[in-house]
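First the structure, in the form of structure tokens, and then the observations on it.
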Amino acid sequence: MTTAPVQLLTVDEVMTRLKYGRSKVYDLIRSKRLASFTEGRCRRIPESALQDYIRTQLEEAA
């Protein structure tokens, strides 16, 4: 069984997908609502973290 590679997104890609501004995305990262990590100077957000954030928002809205 082969596992799919982890899809990593940039802040700009997350901004596009959520239609949020840069400040809002970084606020989510700072508040730990959106998991991310840095490698050197590059910030990366796992696709699964974005999906978790969206799922949480939907559950809170319900």
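Leaving out ligands, DNA and RNA, what percent of the accessible area of the chain is carbon and sulfur, probe 1.4 Å? Display every interim value, and only then the final one.
Values: 2480 of 4790 Å².
Answer for the chain is 52 percent, counting heavy atoms of protein chains only.
Provide the three semi-axes, in whole Å and in decreasing order, of the ellipsoid equivalent to the chain as defined by the square roots of 5 times the Cα gyration tensor eigenvalues. Each step should come with its number before you reach the end.
Values: eigenvalues 72, 58, 21 Å².
Values for the chain, descending: 19, 17, 10 Å.
I'd like to know which of Ser36, Ile54, Val6 lies farthest towards the positive end of the charge dipole of the chain, counting +1 on Cβ of Lys and Arg and -1 on Cβ of Asp and Glu.
Ser36
Quick one: putting +1 on the C-beta of Lys and Arg, -1 on the C-beta of Asp and Glu, what dipole do you get for the chain around its Cα centre, in Debye to the nearest 20? Write down the numbers at each step before the final one.
Working: 11 positive and 8 negative charges, 53 e Å.
Dipole about the Cα centre, nearest 20: 260 debye.
Using DSSP to call loops (not H, G, I, E or B), can you name the trypsin sites (Lys or Arg not before Pro) in the chain whose Cβ has at most 15 other Cβ atoms within 10 angstrom?
Numbers: sites: Arg17, Lys19, Arg22, Lys24, Arg30, Lys32, Arg33, Arg41, Arg43, Arg44, Arg55; in loops: Lys19, Lys32, Arg33, Arg41.
Hits after loop and neighbour filter: Lys19, Lys32, Arg33, Arg41.
Per DSSP H run of n ≥ 4, the term is -39500 (n - 2.57); total these for the chain, divide by its residue number, and report the mean residue ellipticity at 222 nm rounded to 500 deg cm²/dmol.
Details: 3 runs with 32 residues, N = 62.
Estimated from H runs of four or more residues: -15500 deg cm²/dmol.
Leaving out ligands and nucleic acids, and using a 1.4 Å probe, what accessible area per residue does the chain come to in Å²?
Working: 4790 Å² over 62 residues.
Per residue, the chain has 77 Å² of solvent-accessible surface.
Given an 8 Å cut-off on Cα distances and at least 6 residues of separation, report the relative contact order of the chain as a percent.
On the way: 50 pairs, mean separation 21.3, N = 62.
Over the chain, the number comes to 34 percent.
The values are calculated or read from the model by the stated rules, or taken from the named source; none is laboratory data. What you see is a predicted model, and the numbers here were worked out from it, not measured in a lab. Quick reminder, even Gly has a Cβ in these numbers, built from the backbone with ideal geometry, and neighbours come from all protein chains shown. We work out accessible area using only protein heavy atoms, side chains counted, and drop any ligands, DNA or RNA first. Shrake-Rupley method; radii C 1.70, N 1.55, O 1.52, S 1.80 Å.
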